[in-house]
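Here's the structure, in structure tokens; my notes come after.
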Amino acid sequence: MRNETVRKAAVTNETTTTYDVIVIGGGPVGENVADRARAAGLSTVIVERELLGGECSFWACDPSKALLRPVVARADASRIPGLNPAVAGPLDVEAVLAHRDKMSSYWKDEDQVDWLNSVSVDLIRGHGRLTGPKQVAVRSAEGDTIALTARHAVAVSTGTRAALPPIPGLDAVRPWTSREATSAGKVPGRLAVVGGGVVAVEMATAWQALGSQVTMLVLENGLLERMEPFAGELVTDGLRETGVDIRFNTTVTSLAREDGEVRIALSDGGQLAADEILLATGRAPQTRDVGLETVGLTPGDWLTVDDTFRVTGVDGGWLYAVGDVNRRALMTHQGKYQARIAGAVIGARAKGEDIDDAPWGAHVATADHAAVPQVVFTTPEVASVGLTSREAERSGRRVEVVDYDLARVAGAHQYGEGYRGRARMLVDTDRDTVVGVTFAGPGVGELVHSATLAVAGEIPIGRLWHAVPAFPTLGEVWLRLLETHRG
Ligand SMILES: Cc1cc2nc3c(=O)[nH]c(=O)nc-3n(C[C@H](O)[C@H](O)[C@H](O)COP(=O)(O)OP(=O)(O)OC[C@H]3O[C@@H](n4cnc5c(N)ncnc54)[C@H](O)[C@@H]3O)c2cc1C
């Protein structure tokens, strides 16, 4: 029998059950906070209102990458002589969607519940709300309320939802958000994608390859505006080559659904018709209904934290916010890193141990400021870590920008014909270390961890010179960047 069942039976409406740690939200981050707190010897419960595993497992990372993997693999294979005829036809849409369903565990969380049981963390199904310091009330789907008390800490890991702009007619058209874009069972004939960030470019890539005619409506003058400009330019070229219509400096002024069709009025006075419209226009924190007002915070706000994930502005240091909800880095791997740190620091504080909070110490998330890796799974891929040149300039650091044409690397010649790509390395000239790297090109996703090691490890350039990349791999770009830097 699963613990969630036992726990429900054991708790009555009038009883407060006390745990050392209560985690509200059982996404990838909440699960890891709980796992680490439990490993530190603390009794721990997760409160989850939907599926254990959160957005990432069911409506974000896993399904989106399952949709994109065949697209990226086919693009790579199509550049290899002898293999290209084998991938010339369309994708087997049914098989891709079936694989996506499998990778999303058919939107069931039994495996994750089993794992939670195996690490002895309890689960309570329902909507969790703070009701005061260290107090949480859980409202179950059946309408029962369960009261919980935390001995040491409450961690809010409630993640984000799609942020929708206030467009007239929006509600009536029932737009796609990232949820529908990752879980839809039918390919729309025409798909309008509003936005130019990571979700927009990845989903435009996937649905165009699955057979939609995609039109991107982008407010800005380029894609992936938070990254190095060449990344967005290469992705723009890649999308256009597959037939995506990209319109920059364009906003949606109103929407209507007529005769089953979405009618989109554009800022340039034009009109566009589509079968579905995806709004990939950012994320908002899920904090509107978690009782923030009972502890002096404002509902709906992002939760600001210190480097040990304690929420600022709350007395007593018992409230933590970990993962997307604190806005530090909206990615699963970084949220799970935060969770490992938060779980460890909650454990150390509970036991009265010393806190190792010097930069890069065991109890602070220094990498959130210096070394956040990201991969964009488009054709071509983009991979980055650390600062961009724009961010370095804003920070006032003295930085040398080193660029290299990835197509000139021997490994790129082997990778496929007509390889196009670019690499940029930022060297802090005062410290002689790498503080940022961006790669754009086929296959670069697997390069990013080498860059993360260089940036997080603050490896001196003189020592990196001795890290020899194997021939003929894309990794040889490191040698070329270092040679360019050394002149
Ligand atoms: C389309 C898309 C693709 C993505 N792809 C990637 C990727 O490839 N790699 C990557 O690293 N990141 C990716 N991300 C980002 C990633 O999904 C998030 O960073 C990650 O899910 C954050 O984890 P989290 O645990 O903080 O929040 P979430 O995953 O959002 O989980 C929060 C959980 O809290 C629960 N909850 C909320 N409020 C309450 C409440 N009051 N009571 C009880 N439970 C509550 C929710 O039901 C949910 O289960 C992607 C995002 C999107 C939208």
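Since every read-out is calculated from the coordinates, none of them should be taken as a lab result. Since the structure is predicted, the reported quantities are computational estimates derived from the model, not experimental observations. Quick reminder, even Gly has a Cβ in these numbers, built from the backbone with ideal geometry, and neighbours come from all protein chains shown.
In plain terms, the chain from residue 446 to residue 254 could stretch by 65.0 nm, reckoned as 0.36 nm per residue minus the Cα-Cα distance.
Pairs of alpha carbons in the chain separated by more than 29 Å make up 55% of all such pairs.
Is any residue of the range 301-327 close enough, with backbone N under 13 Å, to a label point placed 7 angstrom from the Cα of residue 355 along the Cα-Cβ axis, and if so, which? Under cut-off, by backbone N: 305-321. Annotation for the range 218-277: trypsin sites (Lys or Arg not before Pro) lying in DSSP loop with at most 16 further Cβ atoms inside 10 Å of their Cβ are 226. In this structure, residue 369 and residue 88 have a Cβ-Cβ separation that, at R0 = 35 Å, corresponds to a calculated FRET efficiency of about 0.15. Dividing the convex hull volume of the alpha carbon atoms of the range 266-403 by its residue count gives 210 Å³ per residue. Translational diffusion of the range 368-444, estimated by Stokes-Einstein from the Kirkwood radius over alpha carbon pairs at 4 °C in a medium of 1.567 mPa s, is 98 µm² per second. The label point for residue 271 and the one for residue 463, both projected 7 Å from the Cα toward the Cβ, are 6.5 nm apart.
Scanning the chain for long hydrophobic helices, with DSSP H runs required to stretch 24 angstrom or more by C-alpha along their axis and to average at least -0.5 on the Kyte-Doolittle scale, returns 332-350. Put simply, the range 281-329 fits an ellipsoid with semi-axes of 17, 14, 7 Å; these come from the alpha carbon gyration tensor as the roots of five times its eigenvalues, largest first.
So for the range 382-487, considering every pair of alpha-carbon atoms, how many percent are separated by more than 19 Å? Cα-Cα pairs of the range 382-487 separated by over 19 Å account for 37 percent. The per residue volume of the convex hull around the alpha-carbon atoms of the range 111-223 is 216 Å³.
Its residue count N sets the reference 2.2 N^0.38 Å, and the alpha-carbon radius of gyration of the range 116-164 equals 1.32 times that reference.
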